[in-house]
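First up is the structure itself, then whatever we jot down about it.
The values are calculated or read from the model by the stated rules, or taken from the named source; none is laboratory data. Note that the structure is a prediction, hence the values are computed from the model and not measured. Ideal geometry is used to build each Cβ from the backbone, glycine not excepted, and the neighbour counts take in all protein chains shown.
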Amino acid sequence: MKLVETVSELQSEISQAKALGKTVVFVPTMGALHEGHLSLIEEGNQIQDAFVVLSIFVNPTQFGKGEDFDRYPRTLESDIKALAALTNPPALLFVPSVEEVYPAGSAAEPKPRAGALGTVFEGVARPGHFEGMLQVVSWFFEVVKPQVAVFGAKDAQQLFLIKRMVHREFNDSIEIIEAMTVREDDYLAKSSRNRFLSKEGRSFAPTLFSTLMQVQGSISEGEKPSVALAEASSALDSPPLAKLDYLALVDKSTFSPISDGFHGEVQLLVAVVVESVRLIDNITFYIQEPA
């Protein structure tokens, strides 16, 4: 694994790899790596002749006012150790500075890409987040020029918007792999933010996944989606420990909320603030047409 910090170093290494017939696989992260991130590398290495490029960059433009940009964990030394310990570490670790990514400064408004979808669900709680996220992912796509990119399924809205951007701006030239969410033994989705939970908050956190499964089970047994959502919401709204932000069912192909008569593939989304720590999760399942 080679660490590079500039675009010129990065592109020189990638050019050499492509000349050898390698497939460039990109895994973007903000560091504070855990098993979920490491599984993305493993997923990328499944590609034939993979040349995996992993980036670590805490992007200032996707943090809104009052969000935890300064608090976000920066653990580069331990991240490098975790990567080096892998049987198949990434070929390149790209760690650009803010100045490398934003030579003109990061204060300018990003190009609008998220549209209306950037203002719902996570977009309500984090105004501007998705515009900043898409801005930096687009920049990385332009400089890395990957044939494949790997993202975790946990950030469902982010993933949908990235796929749409790849279609609109990159002519579907990048294959997006949706990697399965990695979970703790009690099924809490792994997240860099879990470390901020108290013992009590950590005990509550697996309720997110168990509630998702409860809703899926109720709908599978014939309960109307609207009723199943309403019944399950109270389990996640437990002030002062936890506050439910949303529990919603969307059509996976459009990310639009579904009506009770819908049948097809859906995503069940949840966001809960536990002790000021924002936790999200989702599952995908199929609502069958009535017999």
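Out of all the residues in segment 166-200, which are loosely packed, with under 14 Cβ neighbours inside 10 Å and under 17 Å from the mean Cα position of the chain (by Cα)?
M180
Go through segment 246-261 and give me each residue that's touching a helix residue (DSSP H, G or I) at 6+ places or on another chain (Cβ under 6 Å) and either crowded, with 16+ Cβ neighbours inside 10 Å or part of a helix (DSSP H, G or I) (or both). Break it down into steps so the answer makes sense when it comes.
Kept after step one, since they are touching a helix residue (DSSP H, G or I) at 6+ places or on another chain (Cβ under 6 Å), are these residues of segment 246-261: 247, 249, 255, 260.
Selection gives L247, L249, F255.
Are any residues in segment 62-76 at pLDDT 80 or above and surrounded by fewer than 14 Cβ atoms within 10 Å (Cβ to Cβ), and if so, which ones?
First, the residues of segment 62-76 that are at pLDDT 80 or above: 62-63, 74-76.
Within segment 62-76, just R74 meets the criteria.
Conditions tested, residue by residue: (1) farther than 24 Å from K145 by Cβ; (2) touching a Pro at 6+ places or on another chain (Cβ under 9 Å).
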site	(1), (2)
P28	no, no
G36	yes, no
V52	no, yes
S55	no, yes
F63	yes, no
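If we scan segment 126-136, do we find a residue that is more than 19 Å from S55 (Cα to Cα) and hydrophobic (A, V, I, L, M, F, W, C)?
no
Out of all the residues in segment 98-118, is one or more among the β-branched types (V, I, T), crowded, with 18+ Cβ neighbours inside 10 Å and under 17 Å from S55 (Cα atoms)? Spell out how you get there, then give the answer.
The initial filter retains those residues of segment 98-118 that are among the β-branched types (V, I, T), namely 98, 101.
Still in the list and also crowded, with 18+ Cβ neighbours inside 10 Å: 101.
Imposing the further condition that a residue be under 17 Å from S55 (Cα atoms) reduces the set to 101.
Yes, there is a match, as at least one residue in segment 98-118 is among the β-branched types (V, I, T), crowded, with 18+ Cβ neighbours inside 10 Å and under 17 Å from S55 (Cα atoms).
Among the residues of segment 69-103, write down those that are acidic (D, E) and under 20 Å from V137 (Cβ atoms).
If we filter segment 69-103 for residues that are acidic (D, E), which is where we start, we get 70, 77, 79, 99-100.
The answer is D79, E99, E100.
Residue check: is S39 of a type in the set (S, T, Y), part of a helix (DSSP H, G or I) and within 23 Å of A153 (Cβ to Cβ)? First the steps, then the outcome.
Values: of a type in the set (S, T, Y): yes; part of a helix (DSSP H, G or I): yes; within 23 Å of A153 (Cβ to Cβ): yes.
For S39, the condition - of a type in the set (S, T, Y), part of a helix (DSSP H, G or I) and within 23 Å of A153 (Cβ to Cβ) - is met.
Scan segment 1-40 residue by residue and report those that are polar (S, T, N, Q) and either surrounded by fewer than 17 Cβ atoms within 10 Å (Cβ to Cβ) or within 11 Å of L92 (Cα to Cα) (or both).
To start, the set of residues in segment 1-40 that are polar (S, T, N, Q) comprises 6, 8, 11-12, 15-16, 23, 29, 39.
Scanning segment 1-40 gives T6, S8, Q11, S12, S15, Q16.
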